[in-house]
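Trainee: Before anything else, here's the structure in question.
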Amino acid sequence: MTQESKIVEYISRSVTLTDDEASQFASSFKEVKIRKRQFIVQPNFVAKHRNYVLNGAFRAYVVDDDGQDHTIAFAIDDWWITDYNSYILQQPATMFVVALEDSAILQMDHPTEVALKAGNHKFETFFRIRAERTAAFMQQRIISNLTQTAEERYENFLQKYPAIVQRVPQYALASHLGMTTEFLSRIRNKRTPNKG
């Protein structure tokens, strides 16, 4: 599957496009190779792109006043990532987004997205659906953090996103789940005998 057909296949899950519309959408992205540990978003700079991951893995995180980092999101193949607050409002970012692996992404800049949405309601529908799903995901995450134990959060994440658990470093996963790396190790070690 070509890179162009991957993004067309993705949008086609939400809206039906003509061949011309599919070509217009695909041509609005630029493919970029990203090295492991390279940042694609940094605080105090406006996030200029919405990023679709062709292959690779990314981590979005913030650093608090004590120097502690907190993972906000991950993205692997066929996922999207950026600092959405910065990208949508075109104001300085508060997050870092870094590659955890050598990766390839498709980038769309903000003016291009605005023009696409203004010119065709199908594109506007697609981006609205993306925004709604992101909002629903973030609400689920907040509720999980407020109501579940650390073990429950890990088990739920493992069930929903096994591919991410396999590909991200333990410190990043622990940070995302709101626990120390040591505590996550203890949870994982408890589970090991049950694997048979």
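Trainee: Would you kindly derive the ³J(HN,Hα) couplings of the range 87-98 from the backbone phi angles with the Karplus curve 6.51 cos²θ - 1.76 cosθ + 1.60 (θ = phi - 60°), listing them in order in whole Hz, with x for Gly and Pro?
Mentor: Residue by residue, the range 87-98 yields 5, 5, 8, 6, 10, x, 6, 10, 10, 9, 10, 10 Hz.
Trainee: Would you be so kind as to identify which of PRO43, ASN189, LEU177 lies farthest towards the positive end of the dipole of the chain, taking Lys and Arg as +1 and Asp and Glu as -1 on Cβ and the Cα centre as origin?
Mentor: It is ASN189, whose Cα lies furthest towards the positive end.
Trainee: What percent do you get for the relative contact order of the chain when only Cα pairs under 8 Å and 6+ apart count?
Mentor: 23 percent
Trainee: Another question, then. Give the order of SER86, SER5 when sorted by the count of other beta carbons within 10 angstrom, beginning with the fewest.
Mentor: Ranking SER86, SER5 by Cβ neighbours within 10 Å, fewest first, gives SER5, SER86.
Trainee: Ok, one more. Could you please rank ARG59, ARG13, placing first whichever residue has the fewest other Cβ atoms within 10 Å of its Cβ?
Mentor: Result, fewest neighbours first: ARG13, ARG59.
Trainee: Using alpha-carbon positions, what is the distance between the centroids of the range 41-111 and the range 118-177, in Å?
Mentor: When both Cα centres are located, 14 Å separates them.
Trainee: Count the lysine pairs in the chain whose Cα atoms lie under 21 Å apart, taking only pairs 8 or more positions apart in sequence or on different chains.
Mentor: Lysine pairs, 8 or more places apart or on different chains, close enough: 12.
Trainee: In degrees, nearest 10, range 0 to 90: what is the angle between the Cα axis of helix 121-147 and the longest Cα principal axis of the chain?
Mentor: 10 degrees
Trainee: Something else: Output the 0 to 90 degree angle, nearest 10, between the alpha-carbon long axis of helix 181-191 and the longest principal axis computed from the alpha carbons of the chain.
Mentor: On a 0 to 90 degree scale, this one is about 80.
Trainee: Okay, next question. What does the C-alpha gyration tensor say about the overall shape of the range 3-120? Classify as rounded when a/c is under 1.5, otherwise prolate if a/b is larger than b/c, or oblate.
Mentor: Judged from the Cα gyration tensor, the range 3-120 comes out prolate (a/c at least 1.5, a/b above b/c).
Trainee: I've got another one for you. Give me the extension gain from GLU151 to ASN189: residue separation times 0.36 nm, minus the current Cα-Cα distance, reported in nm with one decimal.
Mentor: Length gained between GLU151 and ASN189: 12.5 nm.
Trainee: Follow-up question, since we're still on this one. Arrange ASP64, ASP78 by Cβ neighbour counts within 10 Å, fewest through most, would you?
Mentor: Neighbour counts put them in this order, fewest first: ASP64, ASP78.
Trainee: If you don't mind, another one. Between the helical axis of 110-119 and the dominant principal axis of the chain, each derived from Cα atoms, what acute angle in degrees is found, rounded to the nearest 10?
Mentor: Roughly 50 degrees, rounded to the nearest 10.
Trainee: Given an 8 Å cut-off on Cα distances and at least 6 residues of separation, report the relative contact order of the range 1-114 as a percent.
Mentor: 36 percent
Bear in mind that the values in this text are calculations on the coordinates, not laboratory data. In this text, all values refer to a predicted model and were calculated from it rather than measured experimentally. Note: ideal-geometry Cβ built from the backbone for every residue, glycine included; neighbour counts use all protein chains shown.
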